[in-house]
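Asks: This is the structure, below, for whatever I ask next.
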Amino acid sequence: MLRSWVVVFASFGYIGLLFAIAWFADRRAREGRSIIANPVIYSLSLAVYATAWTFYGSVGRAAHDGVGFLPIYVGPTLMILLWWFVLRKMIRVSKLARITSLADFVASRYGKSALLGGLVTVIAVIGILPYISLQLKAVSSSFQIVLGYPELEMPRSGNPILQVTAFYVALLMALFTIAFGTRHVDVGERHEGMVAAIAFESIVKLVAFLAVGLYVTFGIFGGFGDVFGKAAQRPELARLMAPFSAEGSLASWAWMTVLSMLAIVFLPRQFQVAVIENVEERHLKTAVWLFPLYMLAINVFVLPIAFGGMLLFPAGVDPDSFVLTLPMSQHHEALTLLVFVGGISAATGMVIVETIALSTMVCNDLVMPILLRWKRLNLAARSDFTALLLDIRRGAIVVILLLGYFYFTVAGEAYALVSIGLISFAAVAQFAPAVLGGLYWKGGSKAGALAGLSVGFAVWFFTLLLPAFAKSGWFGMDVVDNGLLGLELLRPTQLFGLRGLDQITHAMIWSMLANIGAYVLVSLVGRQSAAEHSQATLFVDVFTQTGEAPRVWRATTSVSALQALLGRFLGPARAAEQFTAYARVRGLKSAQELEADAGLLNFAERQLAGTIGAASARTMVATVAQEEPLGMEEVMTIIDEASHVIAYSHELEQKKQELEEATANLRAANERLKELDRLKDDFISTVTHELRTPLTSIRAFSEILHDSPDIDPAERHRFLGLIIKESERLTRLINQVLDLAKLESGMAEWRTSELDLCEIVGDAVSATSQIFKSRGVSVEARLPDRVPPVAGDRDRVMQVMLNLLSNAVKFSPSGTGRVEVRLAVETDGVRVDVEDNGVGVSKEHQGVVFEKFRQVGDTLTQKPAGTGLGLAICRQIVERLGGRLWLQSEPGKGSVFSFILPLAVRQEQAVAATA
Amino acid sequence: MSARILIAEDEGSIVTSLDFLMKRCGFETRVARDGEMALAALREFRPDLVILDIMLPLRSGFEICAAIRGDGALRATRVLMLTARGGSGEEAKGMAAGADGYMTKPFSTHELVERVRELLGPAMASGASA
C-alpha cells in the first residue's frame, strides 16, 4: 500500500478535503449562517498550535529529555488563568480598533505607527522562518521515510533528494496557502473557511496521534505499565523518567514554560486564530477548558511512543520519526498512512495559517505603507486596490515559503526539530513586552516599543540565529567560538560569560533583559505624542470606556469622496451598502443626506481599518480629508493640562521677572542712596570748607586789629576792608547754599506767571551795567521786538540772568571784553544766549562748570571771586522751569551760555512734572 | 638769626593775615600759593617751619609734607598743617603724614603764634631780637 503514488494521492486527497471544507464554510458565511461561530470550532482552531513539531518532535524530545518535552505544553495550559484577562482584553481592543494582525495591534497601540508595524512584521517573518523550515523538514523527511518502506532508512543530512523534496513541498504549500487565503480581501481579515479547515485538521492530527499512541501502547506493548516498566529497566531510559535530572534543567524548564506561554499568544498564527478570527468573546470560556484537554490528549502517548521506540529500535533511528517508524516496523501500512497524513495535516495547518497571517502583515503593515508614501506611484489615486492587495499577499506567501526553504537548506540540518521551533518561539517572545506593556501600561511609548523590539531582536539574532547558521557551516564558527570582534564576553552562546544554560534559556534571558529594559527605560525617558496618548488610553482602559471616543476631524471633503475611497477597497457595492446602513443608523433616509462630518469620517476610517489596517486607513482618509484626527477627550485633557502648565509657568516667569525687577530696583536705589550719601558728605565737607575759609580771615584780622592798637592806619584800613569783604563773601555763600538747598529739596517757593523775557533781559542788563562799566567790558542786548511769553518765576529767572551776566563780566578781559545777549524763538521755547569773548572753557572743564563749588580759572591769577555755586543754582532753576542750560565754548574763543525756557502753554505741564 | 617761615596757602586774605602775624613775630616769611611753588620754595628758601594748607592747588598738603619728610636736608623743618575740614580723622591723617602740628580754620591768632613758637623751639622762638 505504501507506494509513492499512494502516499502522494492520499496527501493531495486530504488537502482537497480541506479545501472542500473551507469552501463550504465560506459559502455558509456568505449566506450568513457561519459554521465557525461555535465555541468548539474556535477551541479546535487554537490547536493549530500543535504542528509537525508536536506530531514528530515531541517524541523526539522525549527520547532525549524524558519529561523535558512537557513545558512546551504546560505553558499554554498555565496561560489558561491569564487567558481570561489577557486574551479577552486583546480581543476587545482588537474589535474596537479594527485590528487586522499582530503588527497592526502594535502599530495601533503606539500611535498608529507604520514604522513599528513594519518592524514587527520583519521580526515576525524572520523569526518564523525556522518554524516554517521545520515543517518543511518534517514533511520531506517523513515522506522520504515512508517511501523507504519496508526499509527503515533515515534521510541523511545534506541528502540532495531531501532538499529537492523540501523544495517541492514548499512550493506546494505556497500554492495551497494562496488558494486558501487570497481569493478575496475580507473585511476584518477574517477567513472563515480557513478556520473551519484547520479545526478539522486539528481533529485529524489528534486522531492520527491517538491512533498510533494506542497502537504502540496497547498493540505493541501491554499497556502503560508494561512500557514504563520495561523502560525503567534500562538505565538510560530510567533517567529520562526523572525530571530535572540534568544540570540547569530547572532553569530550562522554567524558561521553556515561559516561552510557550508567550508563544501561544504571540505566534502570528495564534494571534490570528485566537484574536482576529474570534467571533465572540464568550467562546473563550469554552476554549479555557477544551484547549488544555486537547493538549493533554495529544501528549498522553508521547512518552510511551518514545520509550517504545527506544526499546524496539537500535540506535540510529531518529526519535523524531518514531510515530512513523513504529507502525512501519510492524508493517501496519494503513496506520502508517494515517500517521503520515496526520503529519501532513499538522504541517500544512501551521503553514497555511502562519503564512496567511504573515502575508497579511507584510501587505498591510510593511508594503502598503511604503507604497502609499511613495509619491511616484501616486497610489492614492488608484481606483481599485483589491487586486493590488491580493497580489502583494500572494507574492509575500511565495517569498516567505521560499525563505523558509532557504533556511531549511542552510540551517535546518543543524538541530533537531524541537530546537528549531524554540528559536522561533524566542523570536515572537520579543513582542511580549511591547504588547503586554501596551495593554496594561499607558506609559509605554512608541520610542520605547521601537527600542525594546529592536534590541530584543538583535540579541535574539545574535544568540540564536547566528550560531545556527554557523553550525550549519554557512557562516564561520569564528564568531561563535571567539565572540564578536574577538571579545570573549560577546560570544553568542555565552554572552557576558553566562554559562551552564542551554542555548534557548541563555538567549531568552539576555533578549528579554535587553528588550524589557530598553522598552521601560526609553518609555520613561521620552514623551508621547497626542496620538500615542489617545491610543494608549483606548487600549489600556478598554474595559472602562463606555464607548468609542469621538474623534475630531476637521475636514474639507465630501460624502461622495469618502464613499469612493471606501469603494476602492471594499468594492463600490459594499461601500454603498455600508454608507446606507450608517445613514439609517443616523436616522436619515439615504446616504445622500449624509454630511461629511466628523462622525462620517470616523466611520469611514473604521471601515477601512478592517481591510487595510488602522495605520493605512488613517493615511487614506487623511489623504482625502486632509487633516489629522485627535481624540476629543484626549485633546481636551491635553489642552487642559497644557494650559495649566502654561499658566503656571507664566506665573512663575512673571514672579521671577518681578523678583528680578525688584532686586534690580533695590540695588539701584541702594546705589543711589550711597551715591547721595557720598554727595551729601562731599557737599557738607565742601560747604564746611567754603564757610570756614572766609571765617578764618574774618577772625584772624579781627584778632589782629584787636591785639595791635598801634597798627599802621593804612594797614588797619586794609584789614578792615578785608574783613568786610570776607563777611560779604560768607553771607553770599550762606545765602546761596540755603537757596540751593531749598531748590533741591523742592521747598522753594515759586510764583509762576507769564513772563516777557525781553523785559527781564533788559532789566538784568541795566542792573549789571555798573559792573560792566567798572570792569571796562561792553555789554549789548540784541532782542527781537516781541517774544511769546514763557511761564516762570520772575525773580528766579532774573537770578539766572544776573548770574550769567556777572560770570560773563568776570571772565571777560578787562577793557576789551565784549558781552552780547541774544534772544531767539525756537520750536520748543525761547532761547537766551549770553556770549563773552573771554578765555573760554576747555572741553574737560565744560561738564565741571555746572557742578557745585567748582570754579574754573587760571590758577596763577587770583582765584575768581564767587562761590562756585552760581551755575549750579542756575541749572536747578532752569530745569525746574522745564528748560535746559548749557555751555558752548572753546579755549581762547570765548563762551556762550545758553538756556531755553518752554513757552507758557506747556509750561504748567513741565512744572507739574518736575515739581 | 630769624626763623624762616614758609606760608603755603592759596586764599589771599588768609595769606595776608598769616604773613602779618609771622612778620610781627619777627620771622622771615615766604609765600607759596600752590604746590609747585611750595616745592620750589622748600628747596630755595629752606624754611624752618612751614604753615601748610592741605587744600593746595597742584599738589596737596599731604604731598608736600611727604616731600619734606623725604628730604634729608629738611630734617629740622617743622610742619604745621592747616585745614578747614574738621573731624578727628583729618588730624590723624595729618599726623600720620608726618606733620608736627595741626590746626583747623578758623584759628585763633594767639594759638597759631604760640604753636609756631613751640614748634620752632626755644632757640628760634625769640625771633628778631638777637
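The values are calculated or read from the model by the stated rules, or taken from the named source; none is laboratory data. Bear in mind that the values here come from a model prediction, so they are computed numbers and not experimental data. We place every Cβ from the backbone using ideal geometry, glycine too, and count neighbours over all the protein chains shown. We work out accessible area using only protein heavy atoms, side chains counted, and drop any ligands, DNA or RNA first. Shrake-Rupley method; radii C 1.70, N 1.55, O 1.52, S 1.80 Å.
Asks: Classify region A:751-914 as rounded, prolate or oblate from the Cα gyration tensor: take a ≥ b ≥ c as the square roots of its eigenvalues, call it rounded if a/c is under 1.5, otherwise prolate when a/b beats b/c and oblate if not.
Replies: Prolate is the answer for region A:751-914, as a/c is 1.5 or above and a/b outweighs b/c.
Asks: I've got another one for you. Just to be sure I understand the model, the point goes 7 Å from the Cα along the line to the Cβ. What's the resulting A:ASP707 to A:ASP478 distance in nm?
Replies: That separation, rounded to one decimal, is 11.7 nm.
Asks: So what's the back-of-envelope 222 nm ellipticity for chain A, counting only DSSP H runs of four-plus at -39500 (n - 2.57) apiece and dividing by all residues, rounded to 500?
Replies: Helix contribution divided over all residues of chain A: -22000 deg cm²/dmol.
Asks: Which aspartates and glutamates have a Cα lying under 20 Å from the Cα of A:LYS446, excluding residues fewer than 8 positions away in the same chain?
Replies: Straight-distance partners of A:LYS446: A:ASP104, A:ASP365, A:GLU532, A:ASP541, A:GLU628, A:GLU634.
Asks: Quick check on chain A: take the gyration tensor over C-alpha atoms, sort the square-rooted eigenvalues as a ≥ b ≥ c, and tell me if it's rounded (a/c under 1.5), prolate or oblate.
Replies: prolate
Asks: Along the charge dipole of the protein assembly as shown, pointing to its positive end and built from +1/-1 on Cβ of Lys, Arg, Asp and Glu, which listed residue (A:ALA767, A:SER142, A:GLN535) has its Cα farthest out?
Replies: A:SER142
Asks: Taking every residue in B:12-24, how many Cβ atoms of other protein chains lie within 10 Å of its Cβ, on average?
Replies: What the average comes to for B:12-24 is 5.
Asks: Now a separate question. Using Cα atoms only, what is the angle between the long axis of helix A:333-361 and the major principal axis of chain A, expressed in degrees (0 to 90) to the nearest 10?
Replies: Between helix and principal axis, roughly 20 degrees.
Asks: To continue, here is another question. Which links in A:LYS112/A:LYS589; A:LYS852/B:LYS23; A:LYS680/A:LYS893; A:LYS725/A:LYS852 stretch past 26 Å when you go from one Cα to the other?
Replies: A:LYS112/A:LYS589; A:LYS852/B:LYS23; A:LYS680/A:LYS893
Asks: Top to bottom by accessible area (1.4 Å), largest first, where do A:VAL645, A:VAL8, A:VAL139 land?
Replies: Per-residue accessible area, sorted high to low, gives A:VAL645, A:VAL8, A:VAL139.
Asks: Can you send over the solvent-accessible area of A:ARG606, 1.4 Å probe, protein chains only, in Å² to the nearest 10?
Replies: A:ARG606 has an accessible surface of roughly 60 Å² with all protein chains in place.
Asks: Let me ask another. State log₁₀ I(q)/I(0) for region A:633-716 at q = 0.13, 0.24, 0.26 Å⁻¹ as given by the Debye formula over alpha-carbon point scatterers of equal weight, solvent excluded.
Replies: Treating every Cα as an identical point scatterer, log10 I(q)/I(0) equals -0.74, -1.06, -1.10.
Asks: Want the number for A:PHE853 to A:THR731: 0.36 nm per residue separation, take away the alpha-carbon distance, what's left?
Replies: 42.4 nm
Asks: Which residues make up the longest stretch of chain A clear of chymotrypsin sites (Phe, Trp or Tyr not before Pro) that lie in a DSSP loop with no more than 14 other Cβ atoms within 10 Å, not counting the sites?
Replies: Here the longest segment lacking exposed loop sites spans A:544-915.
Asks: Indicate the gyration tensor shape class of region A:278-399 (rounded, prolate or oblate), computed on the Cα atoms with a ≥ b ≥ c the square roots of the eigenvalues: a/c under 1.5 is rounded; otherwise a/b larger than b/c is prolate and the rest oblate.
Replies: prolate
Asks: To the nearest 0.05, what FRET efficiency results for A:ARG183 and A:LEU676 with a Förster distance of 60 Å applied to their C-beta separation?
Replies: Between A:ARG183 and A:LEU676 the formula returns 0.05.
Asks: Let me check I have the definition right: for region A:223-321, take the eigenvalues of the Cα gyration tensor, multiply each by 5, take square roots. What are those semi-axes in whole Å, largest first?
Replies: 34, 17, 13
Asks: Please report, for the Cα atoms of chain B, the Rg to one decimal and the Dmax as a whole number; what are they, in angstrom?
Replies: Rg and Dmax of chain B, Cα atoms, are 13.3, 40 Å.
Asks: Please list, or write none, the lysines whose alpha carbon is within less than 18 Å of the alpha carbon of B:LYS93, excluding same-chain residues fewer than 8 places away.
Replies: Once the sequence-local lysines are set aside, what remains near B:LYS93 is B:LYS105.
Asks: So what does log10 I(q)/I(0) come out to for region A:5-122 at q = 0.09, 0.16, 0.19 Å⁻¹, using the Debye formula with one equal point on every Cα and no solvent?
Replies: For region A:5-122, the Cα-only Debye profile gives -0.45, -1.18, -1.20.
Asks: If you fit an axis through the alpha-carbon atoms of helix A:192-214 and take the longest principal axis of the Cα set of chain A, what angle between them do you get, 0 to 90°, nearest 10?
Replies: Helix A:192-214 and the main axis of chain A meet at about 50 degrees.
Asks: Using a simple charge model, +1 on the beta-carbon of Lys and Arg, -1 on the beta-carbon of Asp and Glu, nothing else, what dipole does the protein assembly as shown show about its Cα centre, in debye to the nearest 20?
Replies: 2600 debye
Asks: In terms of Cα to Cα distance under 21 Å, which lysines are near enough to A:LYS471, apart from those fewer than 8 places away along the same chain?
Replies: Straight-line reach from A:LYS471, under 21 Å: A:LYS137.
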